[in-house]
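A short write-up of the structure that comes next.
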Amino acid sequence: MRAAITASRAVVDRALASNDAVYGLTTQVGHGKDTRLSEEEIRGEQTFLVMSHSGGVGPPLPTPQVRAALAVRLNGIARGGSGASLAAAELLAAMLNAGVHPIVPEIGSVGAADLGPMAGMAQVAIGRGRATYLGEPLDGGEALHRAGIAPLTLSGRDGLALISANGVSIGHAALVVARAERAAAAADVAAALSMEATTANPSIIHPRIARAKPILGQVAAADHLRELLEGSELMQPDAPHSVQDALSFRVVPQVHGALREYVAAVRNAVTTELNASDDNPLASVPDQTMISNGNFHPMVLAISCDALRIAVAQVGQLSERRMSHLWDAFMQ
């Protein structure tokens, strides 16, 4: 990890020494991308980027999301390619270990990526902004002081490396994946209990049915339901049940299977983003150059999360319809 960070930072130092035009390093950002910075401006640019890009509205991000965002950025720096200094990585690790949690608004950004909230976190890293330490809201500098952490002095590309990232989006998505996996398993349990309560027909989870339409999520849902109902009277050959149940029972493997499919899609997208070098510009060690790019745009992750939201809604809708049948059965 340290070797990758050091090699990446060396590319930045080389670009500074050559005085080449490098986005956010020797030039301004955004609309000013082609405006070169003077030597004096270069020295203050990284702090300017951190201070000028922080902003937002709404309540603070929950602490788990803040910690996830810090961890995502630390992991990205550790992969190499960001051009951040070893000191920047060590500062983020120290904040996580000590429990210094930046206070940043839940809504808002400037331009692409999670610039707004990430800039708010970077402010704390340099001893500004606001943070909590041991649950107490404090000025960022005071929070670091109480935790025994010296503020980071920005150099090279540190400011842009800390803010130009999707730490909040990727970190939040990682937390959502874990919750969605638990929800998928819990949904199967609820469906199995509903089947027991209504003496439902278990033909819907027959192995041949699951494998007649080999969608992996659907097969997994059917297998889990069979496991949950193992030993139930429903599974006996002579068990009394209707020839065919209502749709909200009959399509449980298909709907729950779809949820599993999109949980897997988000997990794959999150895993890729967590282990990617998505900085712009990229400090390419093999080429010893800084390369402008659009890897900060996590399109696969965004689309996968949108699809997951739809899949969760479908599972909830099916559960609500089964509740209606349960109510009718018990009121008769």
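Worth pointing out:
- Residue check for V312: farther than 18 Å from A192 by Cβ, open to solvent by less than 30 Å² (accessible area, probe 1.4 Å) and either in contact with a Leu (Cβ under 7 Å, 6 or more places away or on another chain) or of a type in the set (F, W, Y) (or both): no
- Filter pass, A192 being among the hydrophobic types (A, V, I, L, M, F, W, C) and modelled with pLDDT under 95: no
- Total residues in the stretch 5-31, condition out of contact with any Pro (no Cβ under 7 Å at 6 or more places or on another chain) and aromatic (F, W, Y): 0
- Residue under evaluation E320, criteria (1) in a loop (DSSP other than H, G, I, E, B); (2) open to solvent by 40 Å² or more (accessible area, probe 1.4 Å); (3) acidic (D, E), criterion not met: (1)
- Remark: pairs (first residue in the stretch 270-283, over 15 Å from G294 (Cα atoms); second residue small (G, A, S) and open to solvent by less than 40 Å² (accessible area, probe 1.4 Å); Cβ separation under 6 Å; 6+ apart in sequence or on different chains) = V270/A173; V270/A174.
- Inside the stretch 249-283, residues that are modelled with pLDDT of 95 or more and of a type in the set (S, T, N, Q) make up a count of 4.
- Selection from the stretch 280-298 of residues that are in contact with a Phe, Trp or Tyr (Cβ under 6 Å, 6 or more places away or on another chain) and surrounded by fewer than 17 Cβ atoms within 10 Å (Cβ to Cβ): S292
The values are calculated or read from the model by the stated rules, or taken from the named source; none is laboratory data. Computed from a prediction, not measured in an experiment: that's the story for all the values here. Cβ sites come from the backbone with ideal geometry, for glycine too, and all protein chains shown count toward neighbours. Remember, those area values only see protein heavy atoms, side chains included, never the ligands or the DNA or RNA. Shrake-Rupley method; radii C 1.70, N 1.55, O 1.52, S 1.80 Å.
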